[in-house]
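Reading through the structure tokens given below for one structure.
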Amino acid sequence: MTIRSKAFWAVLILILSTQSQLYAAGRPAAQKISPLSDSLRKVRRTPSSAQRDAFGRFAAKEGAGWKVRYSPRTAAPEALMGGRTGKYPGSPEQAAMSFLTENKDMLAIDPSELKLAQKKQFMGITHLQFQQYRGGLPVEFSYARVHVSASGEVSGYQGRFEPAGTLDTAPSVTLSAAVSAAIADLGANMKIFKTELVVFPDDTDGTQKLAWKIRGRGKGLWVYYIDAHTGAVLFRYDDLRYACATYGNSSGDVYTVSPLPDHNVDNLEIRESAWTNPVSVGLRDQYVWVADYSSRTVTNQSGDYCAQKAGKIFSSLKGPYFSVTNFRGPSAHYDNGGGQWRTYAYTRQTPHPYDINQTYSYDVAIPDNWTSSGYTFAKVMPRFSSFEAGDLDILGAFNDDDEVNVNSGTEVLGV
């Protein structure tokens, strides 16, 4: 084996040890960016200096500890946490509405468009969720949550509020035509049991659309959003609940054949502007690990995964049939558990020159520097400062078939 490597880093991904369950809202069809997937939203706007100054004035007024997270869609605050306001008089509902009205400019909301949808009490805190309405129509996935103490203090806010925009609320497509479009898309009959007209925030282009929301049963418990002006399917998901502690969907944008499927080798016109668009598909036969490396499941043909174990998940382009490994980076890694990459340097290199038909083995023991910080080990990957193993000619044939195997015990993790 030939390996010329000056330095080796063990790159570890660590997941927060809290075993909170991941509940997906149904099983998205994965054709488009799901409005239910916060982590996949595109950054369309960033907060201005005036918006940041507004939060600074709020924090100065209400006391230390407050933190803010801004929406990548609207640049408005979508979460305030870590502090407590002064006491608001009245009921929890009145206190929440006073808070929203007092801070409407900073939060970029219109309290008149909010209606109380849910109210729960737990350990002395009242949790209130308000649904956004515009022109009498519910705005899907848009809400404001306020958490109020027994004494009237607000200890947190989360919100996804759609700003005002131009929207024709008179549908051009009839309800019966929208139902037909949904059934045609599903390819099976559906027993329709609820329909309504809604405002749909479309994350594919950042706009608001008038849509028919259709619920029906047929090969699942489907929810469809049909554009009320064009009849196009905006989004769909199966809301049938499955016996899984953790479940969801793995998808990615891929080229069906290549960016230039009809490319003529005699034509050197290969500018990116000439490429075809990739399509979003479910990633089948992909490993998804839950909580740690000891528990994994495999995605099905649609990219759905289901695990009996509850916890946060992580995955990469790896499955039972192939694995994509990049020794320079995290290899398409994804996790929703607040993962942190950490490095452990380990210097090793083969002799120069090296012997023919010789195998060189190097053991790497990584010290545990994460448990005391409240993290759980998830996975490790090698990273080389310089790397050369084997040799190919210009046509892809082996001149030298040396290789490097990365093992964990007797299991080969990467070749």
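The values are calculated or read from the model by the stated rules, or taken from the named source; none is laboratory data. None of these values were measured; they are calculated from a predicted model. Here Cβ is always computed from backbone atoms with ideal geometry, including for glycine, and neighbour counts include all displayed protein chains.
General observations
- Note on region 331-346: among residues that are touching a strand residue (DSSP E or B) at 6+ places or on another chain (Cβ under 7 Å) and not in a strand (DSSP E or B), the one that is surrounded by the fewest Cβ atoms within 10 Å (Cβ to Cβ) is 338.
- Filter result for residue 285 (in a strand (DSSP E or B) and either in contact with a Ser or Thr (Cβ under 7 Å, 6 or more places away or on another chain) or at pLDDT below 80 (or both)): no
Each row is one residue, and each column tells you yes or no for (1) modelled with pLDDT of 85 or more; (2) part of a loop (DSSP other than H, G, I, E, B); (3) touching a His at 6+ places or on another chain (Cβ under 6 Å); (4) not basic (Lys, Arg).
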site	(1), (2), (3), (4)
211	yes, no, no, yes
214	yes, no, no, yes
224	yes, no, no, yes
231	yes, yes, no, yes
236	yes, no, no, no
240	no, yes, no, yes
244	no, yes, no, yes
248	yes, no, no, yes
253	no, no, no, yes
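- Residue in region 174-184 that is part of a loop (DSSP other than H, G, I, E, B), closer than 26 Å to residue 227 by Cβ and either within 27 Å of the chain's Cα centre (by Cα) or of a type in the set (Val, Ile, Thr) (or both) present: yes
- Residue in region 184-203 that is hydrophobic (A, V, I, L, M, F, W, C) and without any contact (Cβ under 8 Å) to a residue 24 or more places away in the chain present: yes
- If the condition is being farther than 19 Å from residue 160 by Cβ and aliphatic (A, V, I, L, M), then region 88-121 contributes only 95.
- Taken over region 132-169, the criterion of being buried (at least 21 other Cβ atoms within 10 Å of the Cβ) and small (Gly, Ala, Ser) is satisfied by 142, 144, 159.
- Among residues of region 102-119 that are at negative phi, those with a Cβ under 7 angstrom from a residue that is assigned to a helix (DSSP H, G or I) and of a type in the set (Gly, Ala, Ser), sequence gap 6+ or separate chain, pair up as 105/54; 106/54.
- Some residue of region 70-84 being within 30 Å of residue 293 (Cβ to Cβ), among the β-branched types (Val, Ile, Thr), at pLDDT below 90 and under 18 Å from the mean Cα position of the chain (by Cα): no
- Check on residue 122, surrounded by fewer than 16 Cβ atoms within 10 Å (Cβ to Cβ), out of contact with any Cys (no Cβ under 9 Å at 6 or more places or on another chain) and not charged (D, E, K, R): yes
- If only residues of region 356-381 that are within 18 Å of residue 294 (Cα to Cα) and of a type in the set (A, V, I, L, M, F, W, C) are counted, the one that is surrounded by the fewest Cβ atoms within 10 Å (Cβ to Cβ) is 366.
- Candidates 54, 76, 59, filtered to the one that is among the small types (Gly, Ala, Ser) and within 19 Å of residue 152 (Cα to Cα): 59
Rundown of residues vs (1) among the β-branched types (Val, Ile, Thr); (2) at pLDDT below 95; (3) within 29 Å of residue 75 (Cβ to Cβ); (4) part of a strand (DSSP E or B), yes/no style:
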{"position": "130", "(1), (2), (3), (4)": "no, no, yes, yes"}
{"position": "140", "(1), (2), (3), (4)": "no, yes, yes, yes"}
{"position": "143", "(1), (2), (3), (4)": "no, yes, yes, yes"}
{"position": "156", "(1), (2), (3), (4)": "no, yes, yes, yes"}
{"position": "168", "(1), (2), (3), (4)": "no, yes, yes, no"}
{"position": "193", "(1), (2), (3), (4)": "no, yes, no, yes"}
{"position": "201", "(1), (2), (3), (4)": "no, yes, yes, yes"}
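- Pairs with Cβ under 6 Å, 6+ apart, first in region 45-72 and surrounded by 15 or more Cβ atoms within 10 Å (Cβ to Cβ) and part of a loop (DSSP other than H, G, I, E, B), second modelled with pLDDT under 90 and among the basic types (Lys, Arg): 72/41
- Among (1) buried (at least 19 other Cβ atoms within 10 Å of the Cβ); (2) under 23 Å from residue 143 (Cβ atoms); (3) not small (Gly, Ala, Ser), the one test that residue 190 misses: (2)
- Members of region 175-203 that are farther than 23 Å from residue 133 by Cβ and of a type in the set (Val, Ile, Thr): 179, 183, 192
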